[in-house]
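Structure record follows, encoded as structure tokens.
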Amino acid sequence: MKFVVDQDTCIGCGACEGACPEVFQMQDDGLSKSIEAEIDAALNDSAIEAEEGCPVSCISHE
Ligand code: SF4
């Protein structure tokens, strides 16, 4: 799985980093970004938890 944060919608709450810091990291601009590579399958559950917990639903995966 690969995850993407919509930079136009993210409000910088930090919840995703809290749920799955291996995949989502807050940037200097105050918004979250996901790692661009395919993630380790062991991280799928926590990354999906982060996606589902995003208050503005701006995380998606493929
Ligand atoms: S949980 Fe959503 S709104 Fe909050 S920092 Fe992460 S991507 Fe942005």
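The values are calculated or read from the model by the stated rules, or taken from the named source; none is laboratory data. As the structure is a prediction and not an experimental result, all values here were calculated from the model. Virtual Cβ from ideal backbone geometry, glycine too; neighbours counted across all protein chains shown. Ligands, DNA and RNA are excluded from the accessible area calculation, which covers all protein heavy atoms including side chains. Shrake-Rupley method; radii C 1.70, N 1.55, O 1.52, S 1.80 Å.
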Q: Quick one: net charge around A41, please, counting Lys, Arg +1 and Asp, Glu -1 for every other residue with C-beta under 13 Å from its C-beta.
A: -3
Q. How far is helix 44-53 tilted, in degrees, relative to the longest principal axis of the Cα atoms in the chain, given as a value from 0 to 90 rounded to the nearest 10?
A. 30 degrees
(Q) Quick check on packing: order 44-54, 2-12 by the mean number of other C-beta atoms within 10 Å, highest mean leading. (A) 44-54, 2-12
Q: Using only alpha carbon pairs under 8 Å that are at least six residues apart, calculate the relative contact order of the range 3-61 and give it in whole percent.
A: 46 percent
Q. Near E17, within a Cβ-to-Cβ distance under 13 Å, what is the net charge of the other residues, with Lys and Arg +1 and Asp and Glu -1?
A. -2
Q.
Against the empirical 2.2 N^0.38 Å scaling, what ratio does the C-alpha Rg of the chain come to?
A. 0.96
Q: Using the heavy atoms of the protein chains and a 1.4 angstrom probe, tell me the accessible area per residue for the chain in square angstrom.
A: 60 Å²
